[in-house]
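None of the figures in this text is laboratory data; all of them are computed from the coordinates on show. Here the structure is a predicted model, which is why all the values come from computation and not from measurement. So basically every Cβ, Gly included, is an ideal-geometry build from the backbone, and we count neighbours across all protein chains shown.
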């Protein structure tokens, strides 16, 4: 069955990006997207409800950004595995998120192979 | 949100503060342990924090806050941070960041400092504080060695990691790697070095030395969970080996700490002698004193800030009134009205008083611009590896604001030249038995109606042999003739507009390009440029500019029915023109005055009002008056004109014409009766005459 498929929560304010990530993740053998959040507040709600294995986190979002959301999620669950999805030129923000507890990061534009690697290596 | 006027005020206040901050940073650089500059710096960042917040730049305010906190930390715990080069440079760069915000603000653009820049800064500042817990690579003290080495459960590793070449965020990547390793052990050294590793300053690969209870494969498993690692090699080391290494690391750590302590007098490019420090302090104490008064809240308003545009308008309006007053005087003279005449006469004194005051308003101390050059010299000296002692003299001299602005680019050019090409490298200077530290002096003083600004260096001087070669190569002189030319003449050539094009690139050890432009600029200001240079002794460029060029006293005269004027300050004497004293030698006109043969110029012919041949000139009897004008001790000329008119105050309107590139005209003015009068630029004419005289074959 889907026994080894990681449950992924995708957090990004752009539907296009969410779709893209969802498609790539669902095509792999290692993961499936169980929920999408379009902002940090939704992300926290959905995380508590669904307890995913992995969260992909966008950095720049309205209302509550990626760094703050990461911090909140780690507070709720210190073992939460959060991978930052960043754009080029955001190194300081990514570092900040890492300091708040993000496990790793990937940069846009990413190849499907990278997502696979994330799912294999990192998620749980 | 904030009004345009308030924004202007914000910009100008903040600019002042930034300039002051720069001065304090320079002081710290010269003496990193001095407490006062650090205190001042803390205070200015505090004030900048407030200003930027009020103006609506929240990130800029946070930016300043980080610096304020950083400096407070240094202030309170003297040993927690060493004011290294890296920190000094970061402080300077921070000013540039703030300046860029100001640049936007000036045009109404409210773009604030980028969020990521802010976080970068905070991390950088944190990393300097050795008391912060940000660093993963720890300096293990020798007293802990035996405990660590004797602990049986400790394993010692050398870990080599190569990142994927596509990895861009190296700092974050290394953070994640170090974090993972530190969870299961301790990193005690890194290659290339701990500092670079913390900053993510690597090309692709690195090594770290690791103490951990973990086994080899556990470490591998740990690292497997991290992305962007191309290759990793984990090598176990035995106790003996590691003991040696620990000692080695300790030595290296100590050296790092030493490097950051202020024992830098040997590496400084500024001399750090007591005497000089005091001297400069003396000047700067004056500035900071004024500034503290200004920033003292709630005190009496003893001064107001006036927009320069308003001053200009005031100046112009007053100029117009002077013209009207002159008209009034003239009319009254004709009408011979006693009563009105008395009233107008009484106007004379208040007018002169206002004139003086307005002039005073337009004047600024050269200090305002010249102190900025300290930073310039510092940067250029650093760039070229030269040791420079930069001395400012006479910064209290006041000069017309506009003229000061115009002087800036020529001075920057001359100062840079002095460092790039004038002053030799420390090695070379030592060979020449000169002081390794070169002297660069910017001296300002007033004399008669002019401001003198001297740029002096004690460098290699102008290579006149090269100049002579160039003149010979260009066919202006033969080898024998060129030897006859004295340095004054050679200097004239160096400054001639045509000279750089004649010689091409790289003449006189790099100087020359731009010198002509400098000379032009000064001429446009109605001033002149002198050079004095001696091989291996040094060079002095003297810029002479009029104190103020708005209102002049001038001698009016007539040439072929047209009105002209010459500023009084250039006139030596005026006398009757006597035909017999004029003679031609080699097609150049001379006039015998007091047994001297002085070059002369027939203005009617010069301006080609009528076609007059040499013969006609001898017969021409219209010219009545000779005006002897002096540029300097070496250069004079006699201007032959038709008729002398009155001496009067004129308001000069600088001459910039689309129709003519005549360099003879300084400007124009409108007289009492509304007629237009052109003002001769005698200095340029005299120079040109000299040049033609020398050039003539």
Cα convex hull volume per residue for chain A, in Å³, equals 91
Mind giving me the FRET efficiency for residue B:634 and residue B:481? R0 is 25 Å, r the Cβ-Cβ distance, nearest 0.05 is fine. 0.80
Overall dimensions of the stretch B:192-260 as given by Cα atoms, namely Rg and Dmax in Å: 14.4, 39
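When Rg is the radius of gyration of the Cα atoms in the stretch B:400-448 and Rh is its Kirkwood radius, what does Rg/Rh come to? Let's see the in-between values first.
On the way: Rg = 14.8 Å, Rh = 12.9 Å.
Taking Rh as the inverse mean 1/r over Cα pairs, Rg/Rh reads 1.15.
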Sticking to Cα atoms, compute the Rg of the stretch B:367-546 to one decimal and its Dmax as the biggest Cα-Cα distance, whole number, in Å. 16.4, 49
With equal scatterers on the alpha carbons only and no solvent term, can you work out the Debye log10 of I(q)/I(0) for the protein assembly as shown at 0.05, 0.06, 0.09, 0.10 1/Å? -0.46, -0.62, -1.03, -1.16
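When the expected Rg is taken as 2.2 N^0.38 Å, what fraction or multiple of it is the alpha-carbon Rg of the stretch B:348-412?
Working: Rg = 16.5 Å, N = 65, 2.2 N^0.38 = 10.7 Å.
In units of the 2.2 N^0.38 Å rule of thumb, it is 1.53.
Give the value in nm², to one decimal: projected area of the alpha carbon convex hull of the stretch B:4-130, averaged over all directions. Walk me through the numbers on the way to the answer.
Numbers: hull surface 27.2 nm².
Average projection, Cα convex hull of the stretch B:4-130: 6.8 nm².
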For each of B:146, B:450, count neighbouring Cβ atoms within 10 Å of the residue's Cβ, then give the residues from fewest to most. B:146, B:450
In Å, the Kirkwood estimate of hydrodynamic radius for the stretch B:317-365 over Cα pairs equals 11.9
DSSP bridge orientation in the protein assembly as shown - percent antiparallel, rounded to nearest 5: 75
